[in-house]
Structure formats: C-alpha cells, structure tokens
Amino acid sequence: MSTSIPQPPGVPLLGNIFDVDPNNTWWSLKTLAEKYGEIFQIKVLGHRIVFVASAALAEEICDEKRFRKYVGGPIVEIRYAVHDALFTAFDHEESWGVSHRIIAPQLAPGTIATHFDEVVRCTDELITKWHGLDPENRIRPLDDLNRLNVEATVLTLFGKKLNSLTGPEHPLLRAMEDSTSEAMKRRIGQSCSLAGVRWQAQEGDKTMRTFAAELVKDRQEHPSERRDLLWTLMNAKDPETGKALTESQVIDEIVSMPIGSSTAPCAIAAGILFLLQNPDTLVRARDEVDAVIGDGPFRQEHVSQLHYVAGLVRETLRLSCAAPGFNIEPIPKPGDESPVLLAGGKYQVAHNQPMIIVLAGVNRDPAVFEEPLAFRPERMVGEAFEQLPAGVKKWFGNGKRECIGKHWAWEFLMVVMTKLIRGVDFEAVDPEYQLKQDGWFNIRPVEFYVKLKPRRR
Ligand code: HEM
C-alpha cells in the first residue's frame with residue numbers, strides 16, 4: 001500500500017500557484033522541503049510536479065538504469081539561446097554525444113591543470129583590486145566574483161583576456177541574467193509581463209551569441225598555437241562519428257560555458273559568509289594554507305595537499321546549494337504505463353512524471369548529517385567524506401549528464417578560496433546577516449555586503 005505524496009492545500013483551479021514565488025522559486029521550494037520532508041508535489045494549472053528532498057530518494061532517482069535527465073520546464077526555454085547544446089539537449093539527440101566527446105577532454109583534470117596559472121593571475125587581479133579599496137567601503141562580494149568568473153572562464157577556455165575586473169560590468173553578465181531569469185519566469189507562468197520579459201531575454205541571447213561569434217572570428221583572423229576549448233570546438237571531430245560541430249553549434253557551446261560556470265561565484269560568495277560565521281574554520285584553513293604554500297608562490301601541486309580547504313569547499317557546495325537542483329524523469333518503457341514505485345513501493349508516481357531534486361532538502365538531510373545546518377568542513381574530508389551516501393554528493397548533478405565543467409569549477413573554487421583565505425580579512429557589514437538566496441539556474445546570497453582589507457599577520 002503506497003502513501004500519498006504530500007501536497008500543500010492550494011486554491012481551486014489554480015492549484016498551488018501561490019505556494020511558489022515566481023521571483024524566487026528555489027527559496028519557495030526550500031521552504032516547502034523544510035515543511036514536507038523527503039517528497040512533496042505541487043499542481044499548477046493541472047500540471048503535477050514532484051519534488052525529492054531526501055538523500056535516499058535522490059540516490060534512488062539518480063539510478064540511470066531507471067531514470068534520466070528531464071529536459072523540460074526552464075531548461076527547454078534555455079534552448080532559445082543555445083538550442084541542442086550539452087546542457088539543453090534531449091536524451092534522444094545525437095548532438096549531445098558528439099559535443100560531449102569533443103568537449104570532455106578539454107575539461108578533464110589534466111587539461112584543467114594547464115590553466116592553473118591563468119586562474120591564479122585573474123584571482124590576483126581581483127585581490128589587488130580589493131586590497132586597494134578603502135577599508136570602510138562596503139561591497140557585495142558576488143559582483144566582483146562574477147566578474148572574476150567571466151574573466152577566468154573566457155581566458156582559460158577561449159584564450160581572450162577581457163580585463164573586466166575593473167571599469168563597467170561586461171555586457172555578458174547582464175545578458176546571462178536576462179536570458180536565464182526569463183526562462184524560469186516563463187515556465188512558472190508569470191504571464192502578465194511575459195512579452196517584456198521575452199524581449200529582454202532575446203536581447204540577452206543576442207548579446208551572448210554575438211560575443212561568442214566575435215571570439216570565433218577573432219581566432220579565425222588571428223590563428224594561434226593555443227589548443228584550448230575554442231580551438232577544439234572549431235576544429236575537433238567526434239572520435240566516434242567523425243562529425244564536427246556546425247558554426248551554430250560552436251556558438252551554442254561557447255555561450256553555455258559562462259552560463260554553467262556562473263554557479264561558481266555564487267558558491268564562493270556563500271563560502272565567504274560561512275567563514276565569517278565560523279571564525280574557527282578560517283583559523284584552521286589559514287594554518288593549512290600557510291603550512292602548505294608558505295610565503296612562496298601558489299602552485300598547482302599545492303591544490304591536492306590542501307585537504308581542509310577541500311573539505312571547506314565541499315561543505316560550501318553542500319550548504320550553499322549554488323546549483324539548487326536538477327530534473328529527472330523515469331526512462332520510458334514502450335507499452336508500459338504502469339506507475340513507478342519509489343522507496344520500495346512507499347510512493348508511486350506516474351510513468352512519465354517529471355521530478356525535481358531539491359538540493360536544499362537533500363544536502364541538509366537530518367538522516368545523514370548531525371546538525372545539518374552547521375558548517376563543518378571536517379565532515380567533508382578523507383574517510384568521513386568517502387563514507388557519506390552518494391545522494392548528498394550531487395552538487396554537480398548526476399551520471400552522464402553530470403556537470404562537464406566540474407574539474408574547472410573545482411580548480412577555480414580551490415584557487416579563489418585559498419587566495420581569499422590567505423590574503424584577505426573580511427568583515428560582515430551586518431554581523432547578524434543570515435543567508436537568504438535568490439536566483440534562477442544558480443542561487444546567490446541576497447544583500448550580503450562585506451568590508452575588506454589585506455590580511456593582518
Ligand atoms: C560550482 C560550480 C558548478 C556547479 C555547482 C555546477 C552544477 C551543475 C549541475 C548540477 C549540472 C547538471 C544539470 C542538470 O542535470 O540539468 C551541471 C551541468 C552542466 N554544467 Fe555545471 N556546475 C558548475 C560549474 C560549471 C562550469 C565551470 C562549467 C563550464 C566550464 C559548467 C558547465 C556545465 C554544462 C555544459 C552542463 C551540462 C552537461 C551535460 O548535460 O552534458 N558548469 N552543472
């Protein structure tokens with residue numbers, strides 16, 4: 001006998017439309033996960049969506065023999081901008097495999113390591129900028145971290161130095177925000193302002209695609225020895241089918257990368273907050289960084305020796321839920337429309353039911369973590385980390401559709417966090433500030449301001 005999946009009461013006809021804030025969907029889902037626990041559902045205008053918020057159920061629906069990525073809702077909307085690129089390709093599209101096999105070697109650990117010095121240089125530029133600020137200035141760290149992320153992504157993957165850490169914000173940042181926010185809002189049905197919002201998104205899509213096309217043109221006009229992702233997208237062939245990417249697909253994949261990587265600065269901004277709220281973890285991290293790197297330059301081989309900082313980054317990914325979730329559906333079985341059983345039959349969902357994993361619930365599952373809201377890097381180090389169930393390690397998604405940029409992200413997070421720990425003293429403008437997040441495909445701290453100065457030794 002299965003248990004019915006909990007659902008907030010809602011209103012006639014419109015269902016649960018008022019249970020989800022269209023301007024802050026993920027925060028509403030976090031609140032619902034806190035109230036309803038491991039699984040819940042909402043119905044909006046006749047559509048049912050099921051949300052999974054426990055580690056055990058997340059692990060179960062990450063079984064690729066039974067389930068796959070659901071390309072629906074806002075992800076389909078992103079296809080306006082990037083068509084059948086990696087992130088948005090349907091399971092049946094051949095283009096996913098072709099692009100994946102072409103791109104993956106460029107984002108593998110060995111290749112990422114070759115970009116280490118470039119990431120360090122970009123981070124040094126940010127730290128120089130921050131060291132030069134009046135210590136009484138209040139800044140929103142996310143703004144500059146977003147700039148740093150675009151700077152480092154475009155330099156490492158496409159070989160172009162934008163010099164965008166100072167001066168006016170690079171137009172790519174506004175364009176990514178407009179394009180992705182519209183995708184979420186459209187799907188949640190904020191129809192009143194749809195026309196205006198879609199126009200904004202089209203402008204955003206155009207800006208991103210023009211930027212990508214200029215990168216390609218620039219490389220064609222100035223060929224270089226550099227064998228980076230841009231070169232690969234423009235020249236490589238899929239080893240399996242022999243196919244190359246079309247011009248439009250090259251643009252799609254270029255545009256997808258900064259959108260994907262924009263999750264990393266959100267995590268780092270939350271990480272700064274966690275360090276401020278837990279000064280003892282900062283002391284421990286500084287001790288480790290000083291012991292491993294000392295006064296010399298930060299080198300790539302140091303990264304794997306920074307065990308506590310690695311735990312701190314993982315704990316930041318767990319608690320920030322910077323990528324807030326991902327979508328799953330049962331793999332269709334032709335001719336079989338019987339319900340899908342979850343938790344050994346405790347719950348049933350329809351054979352074609354989309355489900356969303358809400359990491360705000362999964363990553364704070366009290367069945368796995370003692371004091372789940374506490375920031376404890378040590379639970380993410382060595383054997384303690386190894387022993388955690390797979391369901392709570394899904395910050396980069398799952399299986400074949402797992403984040404292809406995860407090694408890039410890991411190096412970026414390790415470099416930036418290490419350099420901030422090593423060189424900057426932060427002070428919260430509001431010492432009582434509690435994490436509140438908003439965002440679309442990534443979530444970021446709202447109204448989190450700091451003052452900063454060079455580290456006092
Ligand atoms: C902290 C940083 C990051 C986090 C937490 C993160 C998280 C994720 C998650 C959860 C997915 C799966 C989405 C889904 O199933 O629908 C994903 C996919 C993806 N990410 Fe990331 N990501 C990060 C950084 C990056 C970076 C740096 C890049 C590019 C350089 C990137 C590019 C992508 C792409 C292209 C996909 C689609 C992969 C596919 O379906 O084949 N991400 N990411």
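The values are calculated or read from the model by the stated rules, or taken from the named source; none is laboratory data. Predicted model only: the values in this text are computed from it and were never measured. So basically every Cβ, Gly included, is an ideal-geometry build from the backbone, and we count neighbours across all protein chains shown.
Could you tell me how many of the residues in the range 297-324 are crowded, with 19+ Cβ neighbours inside 10 Å, at negative phi and within 16 Å of the ligand (Cβ to nearest atom)?
The number of residues fulfilling the criteria is 15.
Given the condition out of contact with any Phe, Trp or Tyr (no Cβ under 7 Å at 6 or more places or on another chain) and away from the ligand (no atom under 16 Å from the Cβ), answer yes or no: does some residue in the range 388-398 qualify?
Checking the range 388-398: at least one residue is out of contact with any Phe, Trp or Tyr (no Cβ under 7 Å at 6 or more places or on another chain) and away from the ligand (no atom under 16 Å from the Cβ).
What helices (runs of 4 or more DSSP H) completely inside the range 343-457 contain at least 1 residues that are aliphatic (A, V, I, L, M) and crowded, with 22+ Cβ neighbours inside 10 Å?
359-362, 406-423
Just checking, which of 411, 402, 378 is within 16 Å of the ligand (Cβ to nearest atom) and in contact (Cβ under 8 Å) with a residue 40 or more places away in the chain?
Unique residue meeting the criteria: 411.
Checking residue 90 against (1) modelled with pLDDT of 95 or more; (2) within 10 Å of the ligand (Cβ to nearest atom), which test does it fail?
(2)
Residues in the range 88-107: is at least one in a loop (DSSP other than H, G, I, E, B) and under 24 Å from residue 159 (Cα atoms)?
No, the conditions are met nowhere in the range 88-107.
Taking residue 156 and the conditions (1) crowded, with 16+ Cβ neighbours inside 10 Å; (2) farther than 26 Å from residue 218 by Cβ; (3) within 11 Å of the ligand (Cβ to nearest atom), which numbered condition does it fall short on, given that it satisfies the others?
(2)
Could you tell me which numbered condition residue 82 fails, if it satisfies all but one of (1) away from the ligand (no atom under 14 Å from the Cβ); (2) of a type outside the set (Gly, Ala, Ser); (3) at pLDDT below 95?
Tallying (1) away from the ligand (no atom under 14 Å from the Cβ); (2) of a type outside the set (Gly, Ala, Ser); (3) at pLDDT below 95, residue 82 fails exactly one: (1).
Looking at 232, 241, 281, can you tell me which residue is outside any helix (DSSP H, G or I) and in contact with a helix residue (DSSP H, G or I) (Cβ under 9 Å, 6 or more places away or on another chain)?
241
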